Amino acid sequence: MIPLRKTRPFFSLLLACVLVISLLPPASQVQAAPTDLFFSEYIEGSSNNKALEIFNGTGAAIDLAAGQYVIQIYFNGATSATAYSLTGTLVNGDVFVFAHASAVASILDKADMTTSAGLWNGDDAIVLRKGGSGGTIIDSIGQVGFDPGTEWGTGLTSTADNTLRRKSTIQAGRTNSTDVFDPSIEWDGYATDTFNDLGSHTITAEDTAPSVTSTTPANSATNVAVNADIAINFSEPVNVSTGWFTISCASSGAHTAAVSGGPSSFTLNPDADFANNESCTVTVVAAQVADLDTNDPPDNMTANYTFSFTTVPVDACYLPDTPIGTVQGSGDATPLAGTTVTVQGVVVGDNEGASPALRGFYLQDTGDGDPTTSDGIFIYNNNNNNYVSVGQVVQVTGPVSEYQGQTQITQTVIVQCNATGSVQPVDVTLPLPSATYLERYEGMLVRFPQTLYVTEHYQLGRFGLVVMSADSRLAQPTNVVAPGAPALALQAANNLNRIIVDDDLQNQNPDPIKFGRGGNPLTASNTLRGGDTATGMIGVMTYTWAGNSASPNAYRLRPVNALAAVYRTSSPPMPARHPFLMSAAGSKWWG
């Protein structure tokens, strides 16, 4: 049971009553999880101690005025009503209290709306409508068009001189206002002038049996990898007992599996791989799966749940491929956004794993022959890890999209092609011919064959990255030329003569910092300074950010976890200098 309590009145307003004549269409009663408002308490006490409580258990706030909610009172068997329009916002779990303005303080303290007009007695019907006085009936008390004489019901559970509270199991209003009314069916009765529970209402949801909501692989899935895990998701937290599942395959027979996860989602890791091109059936045994709540029955699943799948054929990577260049296109964004494609290639960069990893890997194929389209692409596989390794040939199927300006495929199926491959890096040199030139290499393995210089390491400690340039370190334009057109021209040239070299993480303050001299991490004894050089750097050309707007989207060379090793050069001996003039300029680092 979940108590839903009123914490304070959300408005206080006196509304004048409006007499409205309307015909009442018959309606059927609905018993389901709350989808609209309903009466939760009825008070017909001494003198003017009269109140109605309306409960919102829909899960969302309701604008009463926008929904044109009205309370209608049908006096003495009448078919015309006095109507009271409701206003304000009733939040989920709260109640709205309508009362007589001369009621006792314990009622008025909880009231959201009052009137001084005469209200109901035990023989008067009350209706709650949505959509105005001629709108839909969503709840009713009594029987419109019929005068019972004194009251409906008997004893405490009657409409005269008593308080009625809706049973906690009731989830929706009584929508047939002309049907015979027996309050004992849905209401509990209390003595005259019982007000202690006014202002709050509790509902008890009817329990449902646990069930399987989804599986991976899905039922009837094909081309499932022979080493695939099996995921089973339940509708609620459950306790599973020994023997709660079976796995049976046409060729490889019965499989046991290690179980992880719970209590709502479980993963089965079969102890042996499946065979190629075989049908397998998984059965979830109902008697061994029970919910964890105490609202029983039901407790166990109502029936066994069975699903089947078929593993990949002997030729695992048999699906026809779309060239990666076609997916990338020759522009800044993919022309195939929103479509599902299958691509195949060599893993040239493995950056799998949960954040701060890049959460995926880079795949490159043999090329489409068009130098303006990239032959590499990022494969996003969420927090999964160890799906692939660098140099492995895999086939990936999934939808195409753009993220942070980089084209990606979100994998739904990864098939290992039982092969390895090699990719020759494409040479790229600085300065670049245009600011968008590197788009044609996004996701590809590239090499900078020239000697590059550390021109900026301001963000080395924060993001694990450095900026490299060709020929020498880049100077501030106004330090070498006059402000104005000459400085602007030099800055434009500088922008084309730089490349960010980044690590394989999207976090701040990495430890250790991976870029020190000689391919070793940065330490107090192994520094990296402006003017240090690298020759023949190899890595994957990416277009991402460093995980923070302080280092926004840009082309970045990522040498870590790339297919080809980063070339290293030896450091030549430092020339003899005055001790106070010694610098690291000219020394070699990662290359």
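The values are calculated or read from the model by the stated rules, or taken from the named source; none is laboratory data. Quantities reported herein were computed from a predicted structural model and do not represent experimental measurements. All Cβ positions, even for glycine, are placed from backbone atoms using ideal geometry, and neighbour counts span all protein chains on display. Accessible surface areas use protein heavy atoms only, side chains included; no ligands, DNA or RNA. Shrake-Rupley method; radii C 1.70, N 1.55, O 1.52, S 1.80 Å.
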Whole-Hz ³J(HN,Hα) from phi, Karplus 6.51 cos²θ - 1.76 cosθ + 1.60, for the range 466-476, glycine and proline x: 9, 10, 10, 9, 8, 6, 5, 5, 7, 9, 5
What is the extension gain from Asp179 to Thr436, computed as 0.36 nm multiplied by their sequence separation minus the C-alpha to C-alpha distance, in nm to one decimal? 85.1 nm
Taking the Cα centre of the chain as origin and charging only Cβ (+1 Lys, Arg; -1 Asp, Glu), how large is the dipole, in debye to the nearest 20? 2680
Once Lys and Arg get +1 and Asp and Glu get -1 on their Cβ, which of Phe195, Thr281, Asn494 lies farthest toward the positive end of the dipole of the chain? Asn494
Cut-off 14 Å (backbone N to label point 7 Å along Cα→Cβ of Asp109), residues of the range 177-197: 195-197
Calculate one ³J(HN,Hα) per residue across the range 178-185 by plugging θ = phi - 60° into the Karplus curve 6.51 cos²θ - 1.76 cosθ + 1.60, and present them in order as whole Hz with x for glycine and proline. 9, 7, 4, 10, 10, x, 5, 5
What does the accessible area of Leu505 come to, in Å² to the nearest 10, when a probe of 1.4 Å is used? 40
Rough spin-label spacing in nm, given labels placed 7 Å along Cα→Cβ, for Val390 and Ala419: 2.2
Kindly provide log₁₀ I(q)/I(0) values, in the same order as q = 0.13, 0.18 Å⁻¹, from the Debye equation applied to equal alpha-carbon scatterers of the range 376-459. -0.61, -1.00
Extension gain Ala303-Ala287, at 0.36 nm per residue separation less the Cα-Cα distance, in nm? 5.0 nm
In the chain, taking the dipole from +1 charges on Lys and Arg beta carbons and -1 charges on Asp and Glu beta carbons about the Cα centre, the listed residue (Cys249, Asn239, Ala272) farthest towards the positive end is Ala272
Expressed as an acute angle from 0 to 90° and rounded to the nearest 10, what is the orientation of the C-alpha long axis of helix 485-495 relative to the principal long axis of the chain? 80
Which listed residue (Gly45, Thr420, Ala475) has the Cα farthest towards the positive end of the charge dipole for the chain, taking +1 on Lys and Arg C-beta and -1 on Asp and Glu C-beta about the Cα centre? Ala475
The range 463-546: trypsin sites (Lys or Arg not before Pro) in DSSP loop, at most 16 other beta carbons within 10 Å: Arg473, Arg529
With each run of n ≥ 4 DSSP H residues scored as -39500 (n - 2.57), what mean residue ellipticity at 222 nm is computed for the chain after dividing by its residue count and rounding to the nearest 500 deg cm²/dmol? -1000 deg cm²/dmol
Take the alpha-carbon centre of the range 479-517, take the same for the range 365-407, and report the distance between them in whole Å. 27
Rg and Dmax of the range 284-368, using alpha carbons, in Å: what are they? 22.1, 62
Defining a contact as two alpha carbons under 8 Å apart and six or more residues distant in sequence, what relative contact order in percent does the range 27-165 show? 28
Taking amide H positions as placed in the peptide plane 1.01 Å from N, state which residues far from Glu41 in sequence (5 or more) or on other chains have amide H under 5 Å from it. Glu53, Arg166
Which FRET efficiency value, to the nearest 0.05, is calculated for Tyr458 and Val481 with the Förster distance at 22 angstrom and r the Cβ-Cβ distance? 0.45
Considering amide H positions built from the backbone, and no H for Pro or chain starts, which residues 5 or more places from Asp123, or on another chain, come under 5 Å of its amide H? none
